[in-house]
Each structure stands twice: as structure tokens, then as C-alpha cells.
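Undergrad: Here you go, one structure.
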Amino acid sequence: MADQINLKAEKREVVGSAAVGRLRRAGLIPGVVYGASQDNYAVQIESKAFEDILRHSASEQILVNLQIEGAKESDKLTLIQAVQHNSISGKILHVDFNAVSEENEIHARVPVELTGEAIGIKQGGILDTLLHDIEVHCLPRDLPSILSFDVSALDIGDSLSIGGVEFPEGVSTSLDDSVLIAIVNETRAALSETEDEGDEGDDAESEDEEKDEEDGEANENERKS
């Protein structure tokens, strides 16, 4: 299960693009904390501390215990709901924290990790991952950091579906059982070879048919003469 991470923050009083720009230049990231049972309010966090957390996490959607200076509730359990990045530099611009309760179910996207080497790969196939993350429902304490599924038994043409895997205890998903997570396909080279063999067979059949027609015409001419 995912570890609960502590992160220091400060309640933010200044708003507006100019103030936010100054925060970023000072090495801080603006953010907002919201939740169904509380008012929204602005916070600021240190860029380096937050980037270090993401660097060691498989996903950006993780549980964080915010230790907020200047807020009525100094400790608040939150789920990182969204991280806004600069489209060019990738620098973090803003973070949304969703306040959650230990006793209420949360929805979060968890990365998928496929383990083992599929039988089909050893036979020349290729493993295609169709789901890189899955939205799960669980209590905060049951949130996994990653979903690991073994693909060792998959042969060429076999697939792994939601209904064919086991989720950790207390974790579920609303996806249909038929939704595919991964499949082992033939490589393009193998498909091309099969098609070439089929074309060669067709050509041989055509040659045989032409030869039969020529033989038939020759016999007919002999009878006429």
C-alpha cells in the first residue's frame, strides 16, 4: 500500500498572476486545498520538496499529509488531484489538493506494472500494454502505489483483462471485466511472413490451374486433328 507522505505548506494570502509569478521565482509552488466538507483555500509549497516527492513516486496522484502553517487544521490528509505543468519546460505551475477522510472511499488513478516474461514473447510475439493506469476505489489506507500483474502465462493471441486479475484487498474498479489490460500480438515481421507464404501458395495454385487448362486445350486439339 502507498506510504503516507508529509509535506510542509503555508496558507497563502496573496492571489493574482503577479503575486503567483513572484512565488514561483522564489522557489514556491501555488496550490489550492478543497474538499466536500470544507471551504477552499490557497496554499504554497516549496518546489524542491514537492518535486522530490514526485520523483520517488510512480504516480502524481498520491496521498499527502499537508502540514499547513497558518491554517486552523495544521495537519490535513489530502490526495494530489491534479498537477499543472508548463507545456514547454515541464516546470510545475500549480497543484490541487483534495482533502479526504480516513473513513471515506476515494477514487484515484494507480499505475499498472506488468511483471514476468510472457510465453508469447519467447516465441517471437510482442506484449502490448493497453492500460497504463487504472482508476480504483478504496479507503485512503488501502490505496496501492502501483498495481502489479503477472503476464508470464500469456501466449501469442492471449490477453489479460480486468476480470482476469486480482486487485489488492479493499481495492476495486468500476471498469468492466472485459476491458483489456494487455495482449500478446504477433510481430509485424511474423505477420508479413505468413502473408508471403499465403501469396506463394496462391501463386502455385494459379500456375497449376493454368497448366491444367493448357493440357486440356492441347488434348482437345489432338482429338480434332
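Undergrad: Name the residue that is nearest to G170 (Cα to Cα), counting only residues in the stretch 140-153 that are crowded, with 20+ Cβ neighbours inside 10 Å and without any contact (Cβ under 8 Å) to a residue 60 or more places away in the chain.
TA: Only one residue tops the list, namely L147.
Undergrad: In the stretch 1-37, what count of residues is obtained for those that are part of a strand (DSSP E or B) and closer than 29 Å to P111 by Cα?
TA: Residues meeting the conditions: 13.
Undergrad: Still on this structure, I have one more. Return the only residue of L131, L147, L154 being within 21 Å of L79 (Cα to Cα) and either among the aliphatic types (A, V, I, L, M) or out of contact with any Leu (no Cβ under 9 Å at 6 or more places or on another chain) (or both).
TA: Matching residue, one of L131, L147, L154: L147.
Undergrad: Let me ask something else about it. A49 fails exactly one of the following numbered conditions: (1) surrounded by 13 or more Cβ atoms within 10 Å (Cβ to Cβ); (2) touching a strand residue (DSSP E or B) at 6+ places or on another chain (Cβ under 6 Å). What is the number of that condition?
TA: Status for A49: all satisfied but (2).
Undergrad: Of the numbered conditions (1) among the acidic types (D, E); (2) exposed (fewer than 13 other Cβ atoms within 10 Å of the Cβ); (3) modelled with pLDDT of 95 or more, E69 fails exactly one; give the number of that condition.
TA: (3)
Undergrad: Of all residues in the stretch 15-46 being of a type in the set (S, T, Y) and surrounded by 10 or more Cβ atoms within 10 Å (Cβ to Cβ), which is farthest from the chain's Cα centre (by Cα)? Please lay out each step first, then the result.
TA: Pass one, the stretch 15-46, residues of a type in the set (S, T, Y): 17, 34, 37, 41.
This time we only want the ones that are surrounded by 10 or more Cβ atoms within 10 Å (Cβ to Cβ), so: 34, 41.
On the way: Y34: 26, Y41: 31 Å.
It comes out as Y41.
Undergrad: Still on this structure, I have one more. Only one residue in L180, L154, L147, L175 is among the hydrophobic types (A, V, I, L, M, F, W, C) and under 30 Å from S47 (Cβ atoms). Which one? If you could, list the steps in order and put the result at the bottom.
TA: Values: L180 fails: under 30 Å from S47 (Cβ atoms); L154 fails: under 30 Å from S47 (Cβ atoms); L175 fails: under 30 Å from S47 (Cβ atoms).
Residue meeting the stated conditions: L147.
Undergrad: Pairs only if they're at least six apart or on different chains, beta carbon under 8 angstrom, first in the stretch 46-58 and at negative phi, second in a helix (DSSP H, G or I) and not aromatic (F, W, Y); list them, first residue then second.
TA: S47/R24
Undergrad: Do you know which residues across the stretch 21-44 are out of contact with any Lys or Arg (no Cβ under 7 Å at 6 or more places or on another chain), in contact (Cβ under 8 Å) with a residue 24 or more places away in the chain and under 24 Å from E73 (Cα atoms)?
TA: Within the stretch 21-44, I29, G31, V32, Y34, G35, S37, Q38 meet the criteria.
Undergrad: Ok, one more. Let me spell it out: the conditions are (1) surrounded by fewer than 16 Cβ atoms within 10 Å (Cβ to Cβ); (2) on the phi < 0 side of the Ramachandran plot, and K76 meets all of them except one. Which number is the exception?
TA: For K76, the exception is condition (1).
Undergrad: Right, another one. Quick one: what pairs do we get from the stretch 122-139, first residue free of Cβ contacts under 8 Å to residues at least 40 places away in the same chain and closer than 24 Å to A58 by Cα, second part of a strand (DSSP E or B) and aliphatic (A, V, I, L, M), C-beta under 6 Å, 6+ apart or different chains?
TA: Correct list of pairs: H132/V112; V136/V110.
Undergrad: Here is a further query. How many residues does the stretch 38-53 contain that are more than 15 Å from E69 (Cβ to Cβ) and assigned to a helix (DSSP H, G or I)?
TA: Result for the stretch 38-53: 6.
The values are calculated or read from the model by the stated rules, or taken from the named source; none is laboratory data. Only a predicted model underlies this, so the values are computations on that prediction, with no experimental measurement involved. With ideal geometry, Cβ positions are generated from the backbone for all residues, glycine too; neighbour counts draw on all protein chains shown.
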